[in-house]
Amino acid sequence: MKTDVFLQLYNTKTFNAATNFKARQMSQEFRSHTQVNQALEAKQEDKALREQTDAFEAFFVKQILDLSLKTQNALFGKDASDEIYTSMYNDTMSKALSGGLGFSKLLYDFLKERG
């Protein structure tokens, strides 16, 4: 009778120890997965923020190009499509220049600090 009680007690303690070990292991894995997911989300948010600040800088540069090239001679001659080609040219130039002037980085750093 004593050995049965002892075996039950031993089996219960062993089961509890194994269960506690498994629970700790699962908790560590969950924390690890959570940290990885948080890092991925932060990376995606950073990428999206960078894209938006570059887009804002491109918009800013396009406005400057539109104003500065308005008074000069037409780039593509005088015809019905002059405004369309000039707008497309300014848009392409603004996208090419965005991210390189420093305004986008300044805005990104400011928003990153505040967020």
> Any idea which of (1) at pLDDT 75 or above; (2) open to solvent by less than 70 Å² (accessible area, probe 1.4 Å); (3) over 27 Å from G115 (Cα atoms) is the one G99 doesn't satisfy?
Replying inline: (3)
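Quick grid of which residues meet (1) open to solvent by 100 Å² or more (accessible area, probe 1.4 Å); (2) modelled with pLDDT of 75 or more; (3) at negative phi:
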| position | (1), (2), (3) |
| --- | --- |
| E41 | yes, yes, yes |
| V61 | no, yes, yes |
| Q72 | yes, no, yes |
| N90 | no, yes, yes |
| K95 | yes, yes, yes |
| F103 | no, yes, yes |
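The values are calculated or read from the model by the stated rules, or taken from the named source; none is laboratory data. Values in this document were obtained by computation on a predicted structure and should not be read as measured data. All accessible areas refer to the heavy atoms of the entire protein, side chains included, with ligands and DNA or RNA removed. Shrake-Rupley method; radii C 1.70, N 1.55, O 1.52, S 1.80 Å.
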